[in-house]
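Step one of this worksheet: look at the structure below.
The values are calculated or read from the model by the stated rules, or taken from the named source; none is laboratory data. Everything numeric in this text was worked out from a predicted model, so none of it was measured. Heads up, the Cβs are rebuilt from the backbone with ideal geometry, glycines too, and the neighbour counts pull from every protein chain shown.
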């Protein structure tokens, strides 16, 4: 169902921005628009390839998406965009586990490709996952924006709009690590891993469509910089303004500095 109780819609460069009164209406509308795009793509091609973010900011989108009927998930191949290094495989904070609980394990995907952050050779794992990404074009990315403006784990210190690789090992910025505590995923910053594997900016930007869901007061500064700031690695999310088919979904809290 298309709720469309939108407060404001506008464009910044090529990026479409939609502001909703609360997280629920934001997530419902984002899920509706993702589902409509999925159905349209599946009507013209045999398979859809999607990348998902794993974060509490995505909860409303994911729960709504799971409930929508009429999507042939058995024709969808799924990826996730990052994974911690150093946690136990069964840890609930592992992004693969997060997504398995909320969507990957609830729908009959054609295939789910998990990042393995505990192989003998992490560089080889980066190449393995990059090879999977390159098997065919990526159709849809569902992502968020971090408190420091990151997309996936491309924090400002390591983000590269022209990265030569699709997957890499990164050291996490302390702002990014503290966000995991703010989100309630870890009890303290000391318990948050310092390293991760992440899809790079070019890997994400290669998607035909990007649906970016960003609720909450803690994201208001990152949203402001994304929309008002210079397009640069200092706020990696600003690159969304150059994408041909990107939408940014906000609630009244995350949008509170821009309207």
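Of all residues in the range 139-168, how many are surrounded by fewer than 17 Cβ atoms within 10 Å (Cβ to Cβ) and within 19 Å of residue 193 (Cα to Cα)?
Restricting attention to the range 139-168, the residues satisfying the condition of being surrounded by fewer than 17 Cβ atoms within 10 Å (Cβ to Cβ) are 157, 160-162, 164-165.
Next, from what is left, pick out any that are within 19 Å of residue 193 (Cα to Cα): 157.
The number of residues fulfilling the criteria is 1.
From the list 255, 207, 203, which residue is in a loop (DSSP other than H, G, I, E, B), over 17 Å from residue 147 (Cα atoms) and touching a residue at least 12 places away in the same chain (Cβ under 8 Å)? Step through it out loud before you land on a result.
Details: 255 fails: over 17 Å from residue 147 (Cα atoms); 203 fails: in a loop (DSSP other than H, G, I, E, B).
Only one candidate qualifies: 207.
Six or more apart or on different chains, Cβ atoms under 6 Å: show the pairs whose first residue is in the range 39-61 and farther than 14 Å from residue 141 by Cα and whose second is at pLDDT 95 or above and exposed (fewer than 15 other Cβ atoms within 10 Å of the Cβ).
42/72
Which residue pairs have Cβ atoms closer than 8 Å, lie 6 or more positions apart in sequence or on different chains, and pair a first residue in the range 118-139 that is in contact (Cβ under 8 Å) with a residue 60 or more places away in the chain with a second residue that is surrounded by fewer than 16 Cβ atoms within 10 Å (Cβ to Cβ) and assigned to a helix (DSSP H, G or I)?
Final answer for the pair search is none.
Sort through 119, 164, 157 and tell me the only one that's modelled with pLDDT under 95 and either assigned to a helix (DSSP H, G or I) or farther than 29 Å from residue 254 by Cβ (or both).
Details: 164 fails: modelled with pLDDT under 95; 157 fails: either assigned to a helix (DSSP H, G or I) or farther than 29 Å from residue 254 by Cβ (or both).
Step by step, each of 119, 164, 157 is checked, and only 119 is modelled with pLDDT under 95 and either assigned to a helix (DSSP H, G or I) or farther than 29 Å from residue 254 by Cβ (or both).
Restricting to the range 17-27, what's the tally of residues that are buried (at least 24 other Cβ atoms within 10 Å of the Cβ) and part of a helix (DSSP H, G or I)?
2
Against the conditions (1) outside any loop (DSSP other than H, G, I, E, B); (2) in contact (Cβ under 8 Å) with a residue 60 or more places away in the chain; (3) within 14 Å of the chain's Cα centre (by Cα), where does residue 225 fall short? Just the number, please.
(3)
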